[in-house]
Structures are given as structure tokens and as C-alpha cells.
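Novice: Sharing a structure with you now.
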Amino acid sequence: MSRLSRLIPLAALALLLIVPVAHAAKKPPIRLAIEAPITGPQASNGIDMLRGVQLAVRQVNAKGGVLGRKVVIVRGDDKGDSANAVAVAEDVIAEGPDAIVGPYNSSVGLLNLPLYRKARVVPIWLTSNTNTQGQGITLQPMNSQVAPQEAKFLLGKGYQKVTILVDTTANGAYTKGIATRLRRLLEDKGVTVNWVQIVETADAPPGYYAAKVAEALATSPDVIYSSTYFPEGVEIAKAIVADGTSTPCHMSLGNIDAGFVSGAGIPTSQRCTFTGVPEATKLSSAKRFVKDYRKAFKTDPGVWGVFTYDSANAYFRAVRRTHSTNYTKVLKELRKMKNVPGQTGKITIDPKNGYRKTLPFLAVLRVNSAGDFVVNTGS
């Protein structure tokens with residue numbers, strides 16, 4: 001056999017080996033969208049959420065992607081404003097995502113989650129208003145899960161008069177929703193509940209929040225409950241401290257953000273208790289996430305980045321288990337999650353509504369001397 005004839009089979013074999021590799025390289029990427037308030041007043045929250053997804057995607061791509069397909073991120077920045085909801089969703093959908101983590105703000109989700117579902121983009125939503133539920137799942141607390149815990153805390157304190165400062169604006173779907181549920185639970189137990197409506201910081205003239213706090217205090221409450229997002233919560237906490245009142249203050253879930261502490265300062269932040277989730281650095285389940293996040297971004301994670309990280313990984317798991325990105329198959333698999341390990345703790349999804357069944361991380365919090373949200377053991 002000539003040298004040339006010996007080389008021909010070897011060349012053919014090499015070609016056979018190359019073809020599968022080339023075929024794999026041509027596999028289309030999996031497109032995972034993240035929608036959050038990446039800029040605007042709630043940007044500190046939104047950037048943390050974006051980073052959670054970025055970390056999950058970097059890690060899965062370093063291991064060859066999902067089903068041999070690279071994962072790419074599609075960003076949607078709604079600025080936490082419902083006015084941007086539809087346009088942002090349309091832009092994201094135009095990029096052809098297979099799934100989306102988000103949006104975060106309920107007022108946004110009420111308008112655009114139906115658009116994602118109609119476009120067959122698998123939603124792992126971050127909203128809390130129960131009217132945003134539907135196809136998909138969430139790993140975060142819903143209003144129907146949070147309000148009973150808040151009522152239990154306030155009733156346990158013996159409060160008989162509660163005044164709620166509540167954002168009822170176009171961006172207040174979450175804040176109005178949780179306040180309405182809480183009011184009903186408290187009134188059912190004989191508690192007197194007063195209601196003071198407020199606007200967002202962008203629409204508030206000088207002295208506005210001081211006047212609203214004075215209006216709340218005029219009702220002689222046992223406690224002031226602030227159903228707001230953190231930019232408004234900061235101003236309310238400042239006004240309470242400036243007034244010099246001894247009336248206790250409790251902040252709703254939307255105020256849990258490092259931006260609250262940086263905006264109000266540690267002493268003012270310590271004036272209130274909070275309903276929420278501790279920062280990832282305080283979650284015993286999130287040690288690996290915190291280590292990897294610090295290495296990747298040279299800073300500590302906030303509260304919600306670990307939830308978007310788990311959300312992305314929940315989607316990757318469903319794709320692997322179904323060997324598909326098919327909308328219906330992945331949705332069905334996501335709702336089968338039971339005791340799945342995550343950096344937010346074990347995850348079990350209620351197949352009836354897509355909610356997380358247990359929320360061991362949800363607690364009454366306070367701000368410590370280092371400016372961190374920690375469990376209020378005195379509650």
C-alpha cells in the first residue's frame with residue numbers, strides 16, 4: 001500500500017471527527033432574558049438582579065452551555081416604571097428569548113407578563129402581586145404569602161391602631177396590593193387601620209413626606225406601616241426621625257435594598273423594622289453564591305441577585321431534564337420542582353399556581369450597626 005493510500009483513510013477519519021464538532025458549534029444559542037430596573041431609582045436592586053443572571057450564565061457556559069448550546073443574555077431595563085412595560089417587553093421579545101427572569105415590579109408585570117406568555121417566552125417572574133401569576137413559576141414571595149406574616153408580627157406586638165402609608169400610583173400595584181391584604185387581615189382581628197396615600201419621590205414637592213408622616217401621626221397610631229418601594233421608604237423614615245415621634249415604624253418588602261440604608265443612613269434605618277429577606281451574605285444557603293459573586297463582581301451581593309441566580313439555574317435544569325426549550329415542556333417541568341437544592345434554600349413549587357411552597361428566608365428584619373439587614377431576633 002502506498003503512503004498516499006494509507007493517508008486517505010486517516011484523512012477521512014479526521015474529517016468524521018471534525019464534523020460533529022462543527023455541527024455542535026452551529027447549534028443556536030439559548031436566549032435568556034432578564035428584565036429589571038437596571039437604571040432609575042431602583043437601579044441598585046436591578047443591577048444585583050442582572051448580576052445574578054450573569055453569574056449563572058457565565059458558570060453554565062464555562063461547562064459547555066446547556067445541551068451543548070451557549071446561553072446568551074437579553075437585557076430589558078424597565079426602570080421600575082410601568083410606563084415602560086410594554087415597549088421593553090416588545091423589544092425583548094423581538095430578540096427571540098426562550099425564557100425570561102423578571103420583571104421585578106408588579107405594576108410592570110401586570111402589563112407585560114401577558115405579552116411574554118403570549119409570545120411563548122417561559123416566565124420566571126419576580127413580581128409579588130397575585131394578579132401577575134399565570135404560566136411559569138416564581139422563587140420569590142407573593143403578597144398572599146407575605147401579608148399573613150406581617151399581620152402575625154403586628155398583632156403579636158399588640159398594636160390596635162395601624163396607619164398605612166401606601167403608594168397607590170400607577171407603579172404601586174405591589175404596594176397597594178400588599179397593603180390591601182394586610183388591612184383586611186388586621187381589620188378581621190379588630191384592629192383599626194387608617195390609610196394615607198402617597199406619591200413617588202419623582203412627583204413629591206419639598207416637605208411632602210414630612211406632611212404625610214404628620215398626617216399619619218395625627219391618627220394616633222400604635223405603629224406606622226410603610227407600603228412603598230425603598231426610595232419613598234427612605235423619605236418616610238427620615239421624616240419620622242425628624243418629627244421626633246416615638247411611634248414605631250415598619251417597612252414592607254419593597255424597602256429591602258442596600259439603597260435604603262445608603263439613602264437613609266444607618267441610624268435612621270435602624271429606626272424601623274422591615275419585612276423581607278436578608279442579604280445573600282446573611283443566608284446560610286448562599287455561601288457558594290456569595291463567594292462566586294464577590295470573585296466575579298468585586299463587591300457583595302444584595303438581596304435579590306441570589307434569587308435571579310436560582311431562577312436562571314431552575315430554567316437550565318428544566319431544559320436539561322426535558323432535553324428541550326419547548327415552552328410547554330419546560331413549563332411543566334418547572335412546576336415539578338420538589339426539594340431542589342438552590343442558593344436560596346431548597347425549592348419546591350406548587351404545581352397549581354407556580355408559587356414557591358415554603359419561604360424559610362422571609363422574616364422580620366432590622367438594620368445592624370454595619371448597615372446590613374439581619375433577622376430581628378427581638379421580634
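The values are calculated or read from the model by the stated rules, or taken from the named source; none is laboratory data. Since the structure is predicted, the reported quantities are computational estimates derived from the model, not experimental observations. Cβ: placed from backbone, ideal geometry, glycine included. Neighbour counts: every protein chain shown.
Novice: Which one of these is closer than 19 Å to residue 363 by Cβ, touching a residue at least 60 places away in the same chain (Cβ under 8 Å) and surrounded by 20 or more Cβ atoms within 10 Å (Cβ to Cβ): 236, 256?
Specialist: 256
Novice: If you take the residues of the stretch 305-346 that are touching a Leu at 6+ places or on another chain (Cβ under 7 Å) and assigned to a loop (DSSP other than H, G, I, E, B), which of them is nearest to residue 360 (Cα to Cα)?
Specialist: Among those that are touching a Leu at 6+ places or on another chain (Cβ under 7 Å) and assigned to a loop (DSSP other than H, G, I, E, B), it is 344.
Novice: Which numbered condition trips up residue 202, out of (1) crowded, with 16+ Cβ neighbours inside 10 Å; (2) in contact (Cβ under 8 Å) with a residue 12 or more places away in the chain?
Specialist: Condition not satisfied by residue 202: (1).
Novice: Something else now. Of the residues that sit in the stretch 279-298 and are outside any loop (DSSP other than H, G, I, E, B) and among the basic types (Lys, Arg), which one is modelled with the lowest pLDDT?
Specialist: Here the residue is 282.
Novice: Could you pull out the residue among 236, 256, 198, 224 that is of a type in the set (A, V, I, L, M), more than 14 Å from residue 175 (Cβ to Cβ) and in contact with a strand residue (DSSP E or B) (Cβ under 6 Å, 6 or more places away or on another chain)?
Specialist: 224
Novice: Residues of the stretch 309-323 being more than 21 Å from residue 54 (Cβ to Cβ) and either surrounded by 20 or more Cβ atoms within 10 Å (Cβ to Cβ) or free of Cβ contacts under 8 Å to residues at least 40 places away in the same chain (or both), which ones?
Specialist: 321, 322 - these are the residues of the stretch 309-323 that are more than 21 Å from residue 54 (Cβ to Cβ) and either surrounded by 20 or more Cβ atoms within 10 Å (Cβ to Cβ) or free of Cβ contacts under 8 Å to residues at least 40 places away in the same chain (or both).
Novice: Also: Six or more apart or on different chains, Cβ under 8 Å: which pairs go from a residue in the stretch 149-166 that's small (Gly, Ala, Ser) to one that's surrounded by fewer than 16 Cβ atoms within 10 Å (Cβ to Cβ) and modelled with pLDDT of 95 or more? Could you list them?
Specialist: 151/189
Per-residue answers, yes or no, for (1) touching a Phe, Trp or Tyr at 6+ places or on another chain (Cβ under 6 Å); (2) crowded, with 22+ Cβ neighbours inside 10 Å; (3) under 30 Å from residue 219 (Cβ atoms); (4) of a type in the set (Lys, Arg):
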site: 121; (1), (2), (3), (4): no, yes, no, no
site: 127; (1), (2), (3), (4): no, yes, no, no
site: 135; (1), (2), (3), (4): no, no, no, no
site: 144; (1), (2), (3), (4): no, no, yes, no
site: 148; (1), (2), (3), (4): no, no, yes, no
site: 154; (1), (2), (3), (4): no, yes, yes, no
site: 160; (1), (2), (3), (4): no, no, yes, no
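Novice: Output the qualifying pairs, or none if there are none: Cβ atoms under 9 angstrom, residues six or more apart or on different chains, first residue in the stretch 44-69 and farther than 15 Å from residue 32 by Cβ, second residue among the polar types (S, T, N, Q).
Specialist: 44/262; 46/39; 47/39; 48/308
Novice: The conditions are (1) touching a Gly at 6+ places or on another chain (Cβ under 9 Å); (2) surrounded by 18 or more Cβ atoms within 10 Å (Cβ to Cβ), and residue 360 fails exactly one of them. Which is it?
Specialist: Residue 360 satisfies all of (1) touching a Gly at 6+ places or on another chain (Cβ under 9 Å); (2) surrounded by 18 or more Cβ atoms within 10 Å (Cβ to Cβ) except (2).
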